[in-house]
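Here the structure comes first, spelled out in structure tokens, and everything after it is commentary.
The values are calculated or read from the model by the stated rules, or taken from the named source; none is laboratory data. It should be emphasised that the depicted structure is a prediction, and the values quoted were computed from it without experimental measurement. Note that we place each Cβ from the backbone using ideal geometry, even for glycine, and neighbour counts take in every protein chain shown. Please note that ligands, DNA and RNA were not included when accessible areas were found on the heavy atoms of the full protein model with its side chains. Shrake-Rupley method; radii C 1.70, N 1.55, O 1.52, S 1.80 Å.
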Amino acid sequence: MNILQNLSIRTRLGIGYVVLTCALILVAVMGIRGESLTQDSLDNQVNHLNVLKSLGNSVLDAANARAVSARNLVIATTKEDANAETKLIGAAHEKMGRAL
């Protein structure tokens, strides 16, 4: 530490400002890099994972529609109701096949 004590105040303050400036630049670079990683993660979430979730929801909705139509087919009392539910079951099955 004798090296710093032998320097003038002006030189010591200059060294201190240089050290603080380097630390500030380092923190700024780390912040920008962190922001970039966060943006990449958000992009992955929106463009990839959200699409998969949407496809899964489409399959689930089609399966639920098919199940409801099958239930209605079982409790249908007239031939016309049964035919209508059979058509709905076929449409829901085709929609589920397209979603897969």
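Using Stokes-Einstein with the Kirkwood hydrodynamic radius over Cα pairs, what translational diffusion coefficient do you get for the chain at 10 °C and a viscosity of 1.306 mPa s, in µm²/s rounded to a whole number? Display every interim value, and only then the final one.
Numbers: Rh = 19.6 Å.
The diffusion coefficient I find is 81 µm²/s.
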Simple Cβ-charge dipole of the chain, Lys/Arg +1 and Asp/Glu -1, about Cα centre, in debye nearest 20:
320
What ratio of Cα Rg to 2.2 N^0.38 Å holds for the range 33-90?
1.99
With the 1.4 Å probe rolled over protein heavy atoms, the range 1-68 has an accessible area per residue in Å² of 85
Pick from LEU26, LEU73, LEU55: which is most flexible by mean-square fluctuation in a GNM of the chain where alpha carbon atoms under 10 Å apart are linked?
LEU26
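For the range 27-80, with only Lys/Arg (+1) and Asp/Glu (-1) charged at the beta-carbon, what is the dipole magnitude about the Cα centre, in debye rounded to 20? Please list the in-between numbers first.
On the way: 5 positive and 5 negative charges, 69 e Å.
So the magnitude is around 340 debye.
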Mean residue ellipticity at 222 nm from the helices of the chain, using -39,500 (n - 2.57) per DSSP H segment of n ≥ 4 over the full residue count, to the nearest 500 deg cm²/dmol?
-30500 deg cm²/dmol
How large is ³J(HN,Hα), in whole Hz, for each residue of the range 73-89 in order, when computed from phi with the Karplus curve 6.51 cos²θ - 1.76 cosθ + 1.60 and θ = phi - 60°, using x for Gly and Pro?
5, 5, 9, 5, 9, 10, 5, 5, 4, 5, 5, 5, 5, 5, 5, 5, 5
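Based on the Cβ-Cβ distance of LYS87 and SER58, what FRET efficiency does E = 1/(1 + (r/R0)^6) give at R0 = 25 Å, to the nearest 0.05? Walk me through the intermediate numbers first.
On the way: r = 20 Å, r/R0 = 0.80.
So, using R0 = 25 Å, E works out to roughly 0.80.
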Pick from ARG33, ARG12, ARG66 the residue whose mean-square fluctuation is largest in a GNM of the chain, springs joining Cα atoms under 10 Å.
ARG12
Measure off, as a whole percent, the carbon and sulfur share of the 1.4 Å-probe accessible area of the chain, all protein chains present.
64
Pull up the cross-link candidates among the lysines for LYS87, meaning alpha carbon to alpha carbon under 26 Å and not fewer than 8 places away within one chain.
LYS79, LYS95
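Expected output is a single nm value to one decimal: the length gained when fully extending between LEU20 and THR78, i.e. 0.36 nm times separation in residues minus the C-alpha distance. What is it? If you can, show how the numbers build up before the last one.
Details: separation 58, 0.36 × 58 = 20.88 nm, distance 8.47 nm.
Full-extension gain reported as 12.4 nm.
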